[in-house]
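Heads up, the thing below is written out as structure tokens.
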Amino acid sequence: GWDDIGGLDETKNAIKSAYGLALARKPEGVTIDSWRNFLLYGPPGTGKTLLAAATAGSLDATFFSVKVSDMLSKYFGESTKLISALYATAARLSPSVIFLDEFESLSPPRGSGDSGAERRIVSTLLAEIDGLNRKGSQDLIITIGATNLPWLIDTAILSRFQKRVYVPLPDAAARRIILEIFIDRRGHDTQLSLARLVERTAGYSGREIEQICQTAVTHMTQRANPDLMA
Ligand code: ADP
């Protein structure tokens, strides 16, 4: 849910208003498709997956989480079949949110030679993202791409995402909420004040803050069970 994500208020609001618009009834005669595809980019561990999952949760949508590299198969034709099957399933279970992580894997490294098979994979996925095969259908499929390496993505592919949103490292206010999520809300207490922890975690991602909290809990558990390690 949205409450499990610390900070990123602007990002959350951008997503909520976008989907409010996508789902809203259009005035009579208005036929323009609202945009429904997002690209989230920024450092790893900053909540991109969480944002996609919260979007699905808030829309009561089926959530598909896929690494693009996992869809790329060496076997000719397999990747395009996988992509079509993914979108066909999402249409059947509509409304759906498809989260495509490591989106940059779709663009082959420059100078690596571009094969016909690779181009077919890209064009199949872009057609699905654009919803070309579903024109006129009522199915709602939202594609959310995510990447830590946006500069590797081809501009033609980038342009398919009407909305590109930067997901930054958490600032002090966001770190405070993330620390509260992993300490207070789990019923833990710390000797160091929250303000000090916020200071000491400057530059950390949400995932790194979570890992520190997990490490602290592991140490507590070990101290409470000295015989465990004997
Ligand atoms: P990304 O997709 O950007 O690499 P994730 O969304 O998978 O990162 O985040 C990894 C984990 O780190 C999450 O499961 C969550 O536990 C924690 N995390 C990251 N950012 C936040 C945040 N803003 N609020 C709460 N937890 C966070």
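Observations, loosely collected:
- Magnitude of the charge dipole, the stretch 102-230, Cβ model with Lys/Arg +1 and Asp/Glu -1, debye to 20: 220 debye
- Taking the 1.4 Å solvent-accessible surface of the stretch 42-93 as the whole, the part contributed by carbon and sulfur is 59%.
- 3J(HN,Hα) along the stretch 153-158, derived from phi through the Karplus expression 6.51 cos²θ - 1.76 cosθ + 1.60 where θ = phi - 60°, amounts to 8, 4, 5, 5, 6, 3 Hz, with x in place of Gly and Pro.
- Cα-centred dipole magnitude for the stretch 156-211, charges only on beta-carbon of K, R (+1) and D, E (-1), debye, nearest 20: 340 debye
- Here the stretch 41-176 is assigned +1 on the Cβ of each Lys and Arg and -1 on the Cβ of each Asp and Glu. Its dipole about the Cα centre then comes out at about 140 debye.
- For the pair residue 186 and residue 149 in one chain, pulling the backbone fully straight at 0.36 nm per residue adds 10.0 nm over the alpha carbon distance.
- Portion, in percent, of the accessible area of the stretch 97-230 that falls on carbon or sulfur, probe 1.4 Å: 52 percent
- Positive-end residue, the stretch 126-230 charge dipole about Cα centroid, Cβ charges, pick of 153, 187, 209: 153
- Per residue, the chain exposes 58 Å² of accessible surface when a 1.4 Å probe is rolled over the protein heavy atoms with every protein chain present.
- Positive minus negative residues near residue 102 (Lys, Arg vs Asp, Glu; Cβ under 14 Å): -1
- Helical content of the chain, expressed as a calculated mean residue ellipticity at 222 nm, amounts to -13500 deg cm²/dmol (DSSP H runs of 4 or more residues, -39,500 (n - 2.57) each, divided by residue number, nearest 500).
- The length gained on full extension between residue 62 and residue 13, counted as 0.36 nm times the residue separation minus their Cα-Cα distance, comes to 15.6 nm.
- Loop-located trypsin sites (Lys or Arg not before Pro) in the stretch 118-192, at most 11 other Cβ atoms within 10 Å (DSSP): 135
- Eigenvalues of the alpha-carbon gyration tensor of the chain, scaled by 5 and square-rooted, set the equivalent ellipsoid semi-axes at 37, 22, 17 angstrom, largest first.
- Cα shape, the stretch 136-177, gyration tensor, a/c 1.5 rule: oblate
The values are calculated or read from the model by the stated rules, or taken from the named source; none is laboratory data. Just so we're clear, the structure is a prediction, and the values are computed from it rather than from any experiment. Cβ sites come from the backbone with ideal geometry, for glycine too, and all protein chains shown count toward neighbours. What goes into the accessible areas is simple: the full protein's heavy atoms, side chains included, and nothing from ligands, DNA or RNA. Shrake-Rupley method; radii C 1.70, N 1.55, O 1.52, S 1.80 Å.
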